[in-house]
Amino acid sequence: MSVERPRIVIAGGGLAGLSLALALKRALTDGLDVIMADPALKRDPHGDLRAYAIAAAARRMLETLKVWDQVADKAQPILDMVITDSRLNDPVRPTFLTFEGEVAEGEAFAHMVTAGDLTAALIEACKDSGVILRAEGVTGFAAQSARIDVTFSNGESVPAALLVAADGARSRLREQAGIGWISWPYHQSGIVATIAHERDHEGRAVEHFLPSGPFAILPLKSETLPDGTVKHRSSIVWSEKTANVPALLESDPEDRLVELERRFGLQLGRISFETRPQAFPLSFGVARSFVAERIALLGDAAHVIHPIAGQGLNLGLHDAAALAETIADALRLGMDPGGADVLEGYERARRADITAMGVMTDGLNRLFSNDLLPVRLIRDLGLGLVDRMPGLKRFFIREAAGLTERDAPRLLKGEAL
């Protein structure tokens with residue numbers, strides 16, 4: 001290589017990209033330069049109030065990277081989960097399936113944490129570890145046999161061994177690299193918001209399967225206010241037919257709250273919107289390849305799935321763990337971290353897992369987002385059978401926690417690189 005010391009440029013400062021940058025510097029310290037480039041680094045990350053479910057395997061990774069302690073007191077463990085299947089106007093929503101939330105003694109299968117808190121912790125850890133943070137975008141690149149020249153928005157160009165495109169589902173870098181994208185819309189939108197409620201959720205997550213799409217209630221950490229009162233909160237992911245979304249979001253606040261109550265229920269007492277609901281179109285998408293010449297795709301730039309299982313971010317963190325391990329092992333063996341043989345290893349490590357998760361979430365959404373009576377009877381019978389099989393339930397909860405993969409990256413097992 002013509003680069004004095006191996007250099008990796010990561011374009012996109014989301015949670016997956018930041019985790020990759022930190023993992024590389026924690027593993028290789030002075031043996032590698034890591035540049036993280038994203039205009040969003042100019043903004044205060046705490047303004048991002050979106051909430052994510054961090055699976056147990058991803059939490060182990062964050063613990064190993066010494067980040068989890070910075071957000072642990074703000075994270076809410078999911079202690080159990082309830083699944084119902086009904087129509088919107090049904091007076092009773094029978095519970096067909098319940099899960100206990102522990103995968104090991106004292107270890108929850110997932111924790112809810114806000115994107116802002118986790119992003120801020122990762123940025124600080126990256127700074128402390130020597131990651132070079134540039135608050136500007138990557139506008140182009142030119143791949144050569146021994147390096148890739150990466151151009152930033154200020155016109156500067158630097159040579160690198162590898163460019164990681166972590167710039168989202170509409171990745172411009174993926175497009176510039178000529179990597180194809182297979183996708184289809186679900187004709188659904190995901191409405192997300194934080195909900196305040198009167199009673200304690202006790203760490204319970206609820207998934208209502210409704211004809212227009214799943215409606216998830218995910219517990220957030222309660223807050224103690226200055227006057228001593230406790231504010232209980234949950235995050236919702238409300239899947240709705242896209243055609244209905246404008247009317248819902250533009251309706252009178254009282255009417256909007258009525259629609260929320262029809263789906264949320266009153267089991268937690270009076271409810272209200274704590275944040276303004278936002279809608280995002282839902283689709284499936286996967287790159288035809290996760291790599292090109294001296295380029296690797298990461299997170300949403302490589303794959304987008306339905307949020308029905310809450311696994312989108314966890315897949316991205318899994319990408320980061322796999323790519324960090326691939327690069328670290330290659331450099332320790334004296335190999336070129338941007339070489340085709342190294343990148344093919346990353347492709348092999350991620351393709352099967354992503355394909356399986358994409359097929360599963362697509363199938364679940366199609367199975368549960370309809371109101372055909374025969375289909376409802378079959379799926380409810382299936383849910384009831386699973387509920388009576390403790391061994392199968394344990395397998396599903398460990399699968400959701402990301403703990404069933406035999407050859408999982410070391411970081412996801414809680415092992416340092």
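When Rg and the Kirkwood Rh are both derived from Cα coordinates, the Rg/Rh ratio for segment 152-201 amounts to 1.23.
Neighbour counts of other Cβ atoms within 10 Å put Trp184, Trp68 in the fewest-to-most order Trp184, Trp68. The simple spin-label model puts a point 7 Å past each Cα toward its Cβ; for Arg366 and Arg50 those points are separated by 2.6 nm.
For segment 216-318, applying the loop criterion from DSSP together with a ceiling of 14 other beta carbons within 10 Å to the GluC sites (Glu not before Pro) yields no site. Modelled this way, with points 7 Å down the Cα-to-C-beta line, the labels at Lys413 and Gln278 are 3.8 nm from one another.
Close Lys pairs in the chain (alpha-carbon distance under 17 Å; sequence gap of 8 or more, or different chains): 9. If you plug the beta carbon distance of Ala352 and Asn244 into 1/(1 + (r/R0)^6) with R0 = 30 Å, you get a FRET efficiency near 0.25.
Legend: helices of the chain (whole DSSP H runs) are marked when their alpha-carbon atoms reach 27 angstrom or more along the helix axis and their mean Kyte-Doolittle hydropathy is at least 0.5; marked are 312-332. Here segment 306-369 yields Rg over Rh of 1.15, to two decimals, using C-alpha coordinates and the Kirkwood radius.
The charge dipole of the chain, taken about the Cα centre with unit charges on the Cβ atoms of Lys, Arg (+1) and Asp, Glu (-1), comes to about 480 debye, rounded to the nearest 20. Inter-label distance, Glu254 to Leu225: 2.3 nm, where each label sits 7 Å from its Cα along the C-beta direction. Which of these values of mean projected area of the Cα convex hull in nm² was calculated from the structure shown: (1) 20.8; (2) 19.3; (3) 32.2? So the structure-derived entry is (1). Cβ-to-Cβ counts within 10 Å put Ile132, Ile295, Ile327 in ascending order as Ile132, Ile295, Ile327, the fewest first. The alpha carbon convex hull volume per residue for segment 323-417 rounds to 108 Å³.
Principal axis analysis of the Cα atoms in segment 258-386 yields extents of 61, 38, 24 Å, listed in decreasing size. Here the translational diffusion coefficient of segment 254-308 follows from Stokes-Einstein with Rh set to the Kirkwood radius across Cα pairs; for 37 °C and 0.692 mPa s it amounts to 220 µm²/s. Of the trypsin sites (Lys or Arg not before Pro) found in segment 365-399, those in coil by DSSP whose Cβ has at most 15 other Cβ atoms within 10 Å are Arg388.
Sorted ascending by nearby beta carbons within 10 Å, beginning with the fewest, Asp319, Asp48, Asp38, Asp255 become Asp255, Asp48, Asp38, Asp319.
Restricting the calculation to alpha carbons of segment 202-250 gives Rg and Dmax of 14.7, 43 angstrom.
Gain on full extension, evaluated as 0.36 nm per residue between Arg262 and Leu373 minus their Cα-Cα distance, stands at 37.8 nm. For segment 207-316, the list of trypsin sites (Lys or Arg not before Pro) that fall in a loop by DSSP and count at most 16 other C-beta atoms within 10 angstrom reads Arg270, Arg288.
Every number in this text was worked out from the coordinates using simple rules, so none of it is lab data. Since we're looking at a predicted model, the values are computed, not measured. All Cβ positions, glycine included, derive from the backbone under ideal geometry; neighbour counts span all protein chains shown.
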